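Structure record follows, encoded as structure tokens.
The values are calculated or read from the model by the stated rules, or taken from the named source; none is laboratory data. Everything quoted here is computed from the prediction, not taken from an experiment. Quick reminder, even Gly has a Cβ in these numbers, built from the backbone with ideal geometry, and neighbours come from all protein chains shown.
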Amino acid sequence: MNRKILLVEPNYKNKYPPMGLMKIASYYRELGDDVKFFKGNLMQLVIDDTFEKALKQLYAIDDSIFWEKHKPDICLFIKKGSKDILNKIPLANENVLINNILTYYRKYYYNKDYFKTENRIYDRVAITTLFTFYFDITIDTINFVKKLCKTQDGVMIGGVMASILPDEVEKKTGIRPFVGTLSEPGILDDNKFIIDTMPLDYSILEEIEYEYPANNGYLAYMSRGCINKCAFCAVPKLEPEYKDYLPIKEQVKESEERFGAKRDLLLLDNNVLASCQFTKIIDEIIEAGFGKDSNYIPPNKYEIAIKNIKDNFNVRGYTKAIVKEYKKLVEKYGEQIQDIYNLLESKHLFNDYTAKVENMLSIHNEVKPWFEKMYQTKPKKRYVDFNQGIDSRLINDDNMEKLFQIPIKPVRIAFDHWELHEIYEKAVRTAVAHGHNNLSNYVLYNFKDKPIDLYYRLKLNVDLCDELGVSIYSFPMKYHPIEDPDYFSNRDYIGEYWNRKFIRTIQAILNSTKGKVGRGKSFFEKAFGSNEEEFNKLLYMPEVMIIYRRHYEQNGITEKWWSAFNSLSVAELNIIKPIIETNNFSKIDDIVCSRKAKEVLSYYTISRNDAEKEIQK
């Protein structure tokens, strides 16, 4: 077929690579299509594509010039149209034809001619979507890249947000998104491929500058869906059918052969303990190379890239990968390899846009020994992570004993509401009894809970850490109503028992703990209070006094605020508490209240800048 395929992830920050697009990449590559992945500034995509068009014509006029070497100046001229830049480009002022080409593509870019139907180069465009609070950037991305596709029928939108809000996405883009997973044959073309079962194409990650935090693990599912129908969760809509077993052993094997071994196994199952084939799942994880004491030797990334270049597999991505490897090599060995540096420079191999396959292959024997030396590393311990957590209600002795056969770190156990605390505590004790000493959990708040419920859950974990001598890291997660049209494009939702000030208090505390709450009773009590009264005090404390707590406690300002707050009458508190709870103090001068109440409110007008200036004195 040899179609040109563009896969796009909007330019938001996220931890995990887009699994859906990686499977789609494998599908199209299997069919022989030209696959490109992009994540970043979309205008850079246009500039690069425009340069490629101009490049062909420049070589047609004069093939004695190495035009790729001048890509930065040519792209800058296309973007800016400056005569000073034009003067830097060879023959731009001497050769009328070259001048005409450069001027033409400057106008082409300026007039957005790349959107014209006759100029579009992609036969298919696929855009993934993630969280609904990325709604605006995602819609902007879709509306941009859809105009790069030859036909509207060739545009496909999928992923989490698209599946949750298909009507809103269609309303904003004019394209009906695909809902759910690509788990049936014939969805994209008339063939028997089931895209959701295809291996991930990790090579597309080499094509972009963005580095995902979870970039050294196999991504997979061994079950899909969840037997629960929690009101706050989107999984029942995304994966309505529970599938209790999906094999991964062959995918891991194929991935290692093509892309090199990865250290960890990151499983995104939403409720693996619900599977009646849980024992089989654990056995297959072990067979895939992730037994209890399994080790991993980092692969020679240069050799992997060279092998794929020779196989003509994603040459675009692996050219970039090899250039990065050259730079790492030079940085590591410096003057020891001056001759290698000179060779790389002479072959124009320090930029991916000037690096030619024939040049990379021609120096392979010279650089190979140095990469072998660079990748002489010691084995590292492997880990398995059921990243979405396991269900405390399903934990028992048998499955915790079985889970201990793999190097799971951490054991994540959801703790979504205080009513589960007895079940949750029993689950933790059961896990610890079977050797699981590194635990973690997600703690939902701002849903139907009260602020004090969050405190109770965090405190229970700290107490269990002390009693059992284990580590439990809690990650408070703010509830966000993903389907509510008033909130799906922002994070402004406030739960029934919460308000903006309480939310800001929790966020301010978590900023200082880097988003997690670990073991250590004294640390927890300092951060969240040693009892309910101290926690409630924090909820109303001015934000700067939380963020710069030591400073304001040492100079006595915190105590002055608290004394003034407690000296107010019930009537005065009834006036200022609602104001504090809005977390908006821009108009306190207009508020009709007592002098004492105004004095208390004045503490809330201290800005971070004010605090930092005081600290620097």
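For the reader, a short list of remarks on this structure follows.
- Residue within the stretch 138-145 that is of a type in the set (Ser, Thr, Tyr), over 23 Å from Met22 (Cβ atoms) and assigned by TED's automatic domain parsing to the domain that holds Lys36 present: no
- Where Lys328 falls short, out of the listed (1) in a loop (DSSP other than H, G, I, E, B); (2) touching a residue at least 40 places away in the same chain (Cβ under 8 Å): (1)
- The criterion of at least 1 residues that are modelled with pLDDT of 95 or more is met, among helices (runs of 4 or more DSSP H) falling completely within the stretch 219-289, by 249-259, 278-287.
- Residues (buried (at least 16 other Cβ atoms within 10 Å of the Cβ), in contact with a Lys or Arg (Cβ under 8 Å, 6 or more places away or on another chain) and closer than 21 Å to Tyr552 by Cα) located in the stretch 578-602: Ile580
- Matching entry among Glu211, Glu206 (being touching a helix residue (DSSP H, G or I) at 6+ places or on another chain (Cβ under 6 Å), farther than 20 Å from Phe290 by Cβ and of a type in the set (D, E, K, R)): Glu206
- Condition met for Ile575 (in contact with a Leu (Cβ under 8 Å, 6 or more places away or on another chain), without any contact (Cβ under 8 Å) to a residue 60 or more places away in the chain and in a helix (DSSP H, G or I)): no
- Among the criteria (1) closer than 21 Å to Thr582 by Cα; (2) surrounded by 15 or more Cβ atoms within 10 Å (Cβ to Cβ), the one Arg500 does not fulfil is (2).
- Residue in the stretch 403-413 that is more than 23 Å from Lys516 (Cβ to Cβ) and of a type in the set (Lys, Arg) present: no
- Residue pairs meeting the criteria (Cβ under 6 Å; at least 6 apart or on separate chains; first without any contact (Cβ under 8 Å) to a residue 60 or more places away in the chain and over 24 Å from Val8 (Cβ atoms), in the stretch 202-229; second among the acidic types (Asp, Glu) and part of a loop (DSSP other than H, G, I, E, B)): Ser223/Asp244; Ser223/Asp269; Arg224/Glu239; Gly225/Glu239; Gly225/Glu241
- Near pairs, Cβ below 8 angstrom, 6+ apart or cross-chain, from the stretch 346-365 (outside the structural domain of Phe66 (by TED's automatic domain parsing)) to any residue that is among the acidic types (Asp, Glu) and at pLDDT 95 or above: His348/Glu68; Tyr353/Glu68; Thr354/Glu68
- Yes/no for Ile588 being among the hydrophobic types (A, V, I, L, M, F, W, C), in contact with a Ser or Thr (Cβ under 9 Å, 6 or more places away or on another chain) and at pLDDT below 90: yes
- Of the helices (runs of 4 or more DSSP H) that lie entirely inside the stretch 339-408, those containing 2 or more residues that are within 32 Å of the chain's Cα centre (by Cα) and over 22 Å from Pro72 (Cα atoms) span 364-374, 397-403.
- Scanning the stretch 106-122 for residues that are surrounded by 12 or more Cβ atoms within 10 Å (Cβ to Cβ) and in contact (Cβ under 8 Å) with a residue 12 or more places away in the chain gives Arg106, Tyr108, Tyr109, Tyr110, Tyr114, Phe115, Arg120, Ile121, Tyr122.
- Unique residue being out of contact with any His (no Cβ under 6 Å at 6 or more places or on another chain), under 26 Å from Pro578 (Cα atoms) and either exposed (fewer than 14 other Cβ atoms within 10 Å of the Cβ) or of a type in the set (S, T, N, Q) (or both) when the list is Ser522, Ser530: Ser530
- Within the option set Ile472, Ile482, being assigned to a strand (DSSP E or B) and either within 28 Å of the chain's Cα centre (by Cα) or of a type in the set (Gly, Ala, Ser) (or both) holds for one residue only, Ile472.
- Unmet criterion (only one of (1) surrounded by fewer than 22 Cβ atoms within 10 Å (Cβ to Cβ); (2) touching a Leu at 6+ places or on another chain (Cβ under 8 Å)) for Asp48: (2)
- When Val544, Val470 are checked against the criterion of being under 30 Å from Asp610 (Cβ atoms) and in contact (Cβ under 8 Å) with a residue 12 or more places away in the chain, Val544 stands alone in meeting it.
- Answer from Pro485, Pro476 - the residue that is buried (at least 16 other Cβ atoms within 10 Å of the Cβ), farther than 25 Å from Leu265 by Cβ and in contact with a helix residue (DSSP H, G or I) (Cβ under 9 Å, 6 or more places away or on another chain): Pro476
- For the stretch 171-187, the set of residues classified as free of Cβ contacts under 8 Å to residues at least 40 places away in the same chain and either under 16 Å from Leu130 (Cα atoms) or of a type outside the set (Asp, Glu) (or both) consists of Lys171, Lys172, Thr173, Gly174, Ile175, Arg176, Phe178, Val179, Ser183, Pro185, Gly186, Ile187, listed by residue number.
- Single residue of the stretch 180-200 satisfying the filter (of a type in the set (A, V, I, L, M, F, W, C) and in contact with a strand residue (DSSP E or B) (Cβ under 8 Å, 6 or more places away or on another chain)) that is surrounded by the most Cβ atoms within 10 Å (Cβ to Cβ): Leu200
- Residue match in the stretch 24-35 (condition: closer than 23 Å to Lys69 by Cβ and either touching a strand residue (DSSP E or B) at 6+ places or on another chain (Cβ under 8 Å) or of a type outside the set (S, T, N, Q) (or both)): no
- Residue satisfying all of: in the stretch 388-436; crowded, with 17+ Cβ neighbours inside 10 Å and among the polar types (S, T, N, Q); nearest to Leu268 (Cα to Cα) among these: Gln388
- Residue that is buried (at least 17 other Cβ atoms within 10 Å of the Cβ), modelled with pLDDT of 95 or more and not charged (D, E, K, R), where the choices are Val96, Val125: Val125
- Test: Tyr540 is within 22 Å of Trp561 (Cα to Cα), hydroxyl-bearing (Ser, Thr, Tyr) and either at pLDDT 95 or above or in contact with a strand residue (DSSP E or B) (Cβ under 7 Å, 6 or more places away or on another chain) (or both): yes
- Candidate set: the stretch 504-514, residues that are free of Cβ contacts under 8 Å to residues at least 60 places away in the same chain and surrounded by 14 or more Cβ atoms within 10 Å (Cβ to Cβ); chosen: the one farthest from Glu543 (Cα to Cα): Thr513
- Some residue of the stretch 256-268 being more than 25 Å from the chain's Cα centre (by Cα) and surrounded by 19 or more Cβ atoms within 10 Å (Cβ to Cβ): no
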